[in-house]
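A.B. asks: Below is one structure. I have some questions about it.
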Amino acid sequence: MTPDLTGEVTELLQHMIRNACVNDGTPESGEELRNADLLHTYLEGAGLEVEQYEPTPGRASLVARIEGSDPAAPTLCLMGHTDVVPVTPDGWTRDPFGGELVDGEVWGRGAIDMLNLTSSMAVAVHHLARSGFRPRGTVVYFAVADEEAGGVHGAEWVTAHHYDAVRADFVLSESGGLVRPSGSGRLVTLTTGEKGIAWTRLRVRGTPGHGSTPFGTDNALVKAAQVVGRIAAYRPQARITDAWRSFAAALDVSDEERAALLDPDRVYDACVALPDQRTAKLAHACTHMTFSPNVVHGGVKTNVIPDVVDIDVDIRLLPGETPDDVTANLAAAIGDLASAVEVTTLQAALPTASPFDSRLREVLEIVVRRTYPNASLVPRLTTGGTDLRFFRDKGAVSYGFGLFSEGVTFEDFAGRFHGNDERVDVESLRLTTDMWVDVVRELIG
Ligand SMILES: [Zn+2]
């Protein structure tokens, strides 16, 4: 039996939130060294060997391993990021970096994304090591910097330069484990794949001139406005993937709405008609390549007609879609303005997916049923990117999981992720910590 680790995980999470490793996308931000040092000291206390990697000053990632006795047994990696996204303090009811425990909930940036999981993984591995656990397979704890800006100073770097330290057959990380009642029992989400990224810059060219005589001029900003309007109005062909089919089965919608959400010709209108905006956003993003024009730079002076305007568009690909599909969709969206637009890729990652059928999924289902009898796992696609793609690229079966209490709904989760008043209930921390311990024992013990 696992002793009650609730107090330990709550305290570690509070400490990690207070360390405020805020990643704003610049190389100097994050300073995950604070959380890495905290975890280092904590894990060493259980007698674990700990290795730290710091490719960029202050951007430390950490690996702790319990070596297996049987080289033929699989390796399981528990990966959590230690950075968090910035906050808008005005929108918060409490101090976003206070780590306060109020009415059974821990408040603060990272409480859901994903210091809750990173801390609970550490507590699980610490507990296993302290209790003298000698597994057949190896367990790797991997706490990474820089997930929130693409993993350049974290998982991407470590998997590229020190893969032997983290090589695994199975990897578990963030985004999953939400529980929803359904007719036949409960459904628990398992994130099996993620959309791809094609961050794209559209440079719109015009001809400079004097702002006092605009008649008949070739103004790059006026053309850019039209380009943005066309992209915003563009409707790419919808695609229904297997993961969406399974996930739609778990949505709290009527049978009629569900049927429409699974029909490529009706899904867009079904999203428009859905009363719940968050479900609509998710349904749309899981069935379409999405285009969001999010940054614009251009112009030099109020009295100068601009000749260059850059528009940065966040484009996300569904599994099965390629950069060629992005090119074709952009051409269709921009139409006859294409000759005025130069297209450059700023950052790209292909969509990745792991099979739903695997030994790890079987083990997760066995373990989840100890808490939620009759529960079934349902695969889902995440619309954002995670560090799991680096492991999927190397062939590891990689899922996003966790185990939440029934008090945390899809809507709560989606709203708190990068949102205001981020917080997690202590019950979910307890369930998740025990789940990691049980999964390790079951899979490689
Ligand atoms: Zn995250």
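A.B. asks: Give the residues of segment 230-254 that are closer than 20 Å to A414 by Cβ and assigned to a loop (DSSP other than H, G, I, E, B), sorted by residue number.
C.D. replies: Result: T241, A250, L251, D252, V253.
To keep it simple, each residue is scored yes or no on (1) touching an Asp or Glu at 6+ places or on another chain (Cβ under 8 Å); (2) modelled with pLDDT under 95; (3) assigned by TED's automatic domain parsing to the domain that holds G108; (4) open to solvent by less than 10 Å² (accessible area, probe 1.4 Å).
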site	(1), (2), (3), (4)
F390	yes, no, yes, no
A396	yes, no, yes, yes
V408	yes, yes, yes, yes
D412	no, yes, yes, no
R416	yes, yes, yes, no
E422	yes, no, yes, yes
V440	no, no, yes, yes
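A.B. asks: Check segment 126-137 and report whether any residue there is assigned by TED's automatic domain parsing to the domain that holds G25, surrounded by fewer than 24 Cβ atoms within 10 Å (Cβ to Cβ), away from the ligand (no atom under 16 Å from the Cβ) and in a strand (DSSP E or B).
C.D. replies: Within segment 126-137, none of the residues are assigned by TED's automatic domain parsing to the domain that holds G25, surrounded by fewer than 24 Cβ atoms within 10 Å (Cβ to Cβ), away from the ligand (no atom under 16 Å from the Cβ) and in a strand (DSSP E or B).
A.B. asks: If I filter segment 262-280 for residues that are outside the structural domain of G385 (by TED's automatic domain parsing), touching a residue at least 40 places away in the same chain (Cβ under 8 Å) and not in a helix (DSSP H, G or I), do I get at least one hit?
C.D. replies: There is at least one residue in segment 262-280 that is outside the structural domain of G385 (by TED's automatic domain parsing), touching a residue at least 40 places away in the same chain (Cβ under 8 Å) and not in a helix (DSSP H, G or I).
Each row is one residue, and each column tells you yes or no for (1) within 14 Å of the ligand (Cβ to nearest atom); (2) more than 15 Å from the chain's Cα centre (by Cα); (3) open to solvent by 40 Å² or more (accessible area, probe 1.4 Å).
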site	(1), (2), (3)
G68	no, yes, no
L76	no, yes, no
D83	yes, no, no
G91	no, yes, no
R94	no, yes, yes
F97	no, yes, yes
V106	no, yes, no
M121	yes, yes, no
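A.B. asks: Residues of segment 356-385 being within 16 Å of the ligand (Cβ to nearest atom) and in contact with a Ser or Thr (Cβ under 6 Å, 6 or more places away or on another chain), which ones?
C.D. replies: R380, T382
A.B. asks: Further question on the same structure: Can you report the number of residues in segment 355-376 which are closer than 28 Å to M289 by Cβ and modelled with pLDDT under 95?
C.D. replies: Qualifying residue count for the region: 3.
The values are calculated or read from the model by the stated rules, or taken from the named source; none is laboratory data. The model shown is predicted, which means the values in this text are computed figures rather than measured ones. Every residue, glycine as well, gets a Cβ built from its backbone with ideal geometry; the counts of neighbours run over all protein chains shown. Just so you know, the surface numbers come from the protein's heavy atoms only, side chains and all, with ligands and any DNA or RNA stripped out. Shrake-Rupley method; radii C 1.70, N 1.55, O 1.52, S 1.80 Å.
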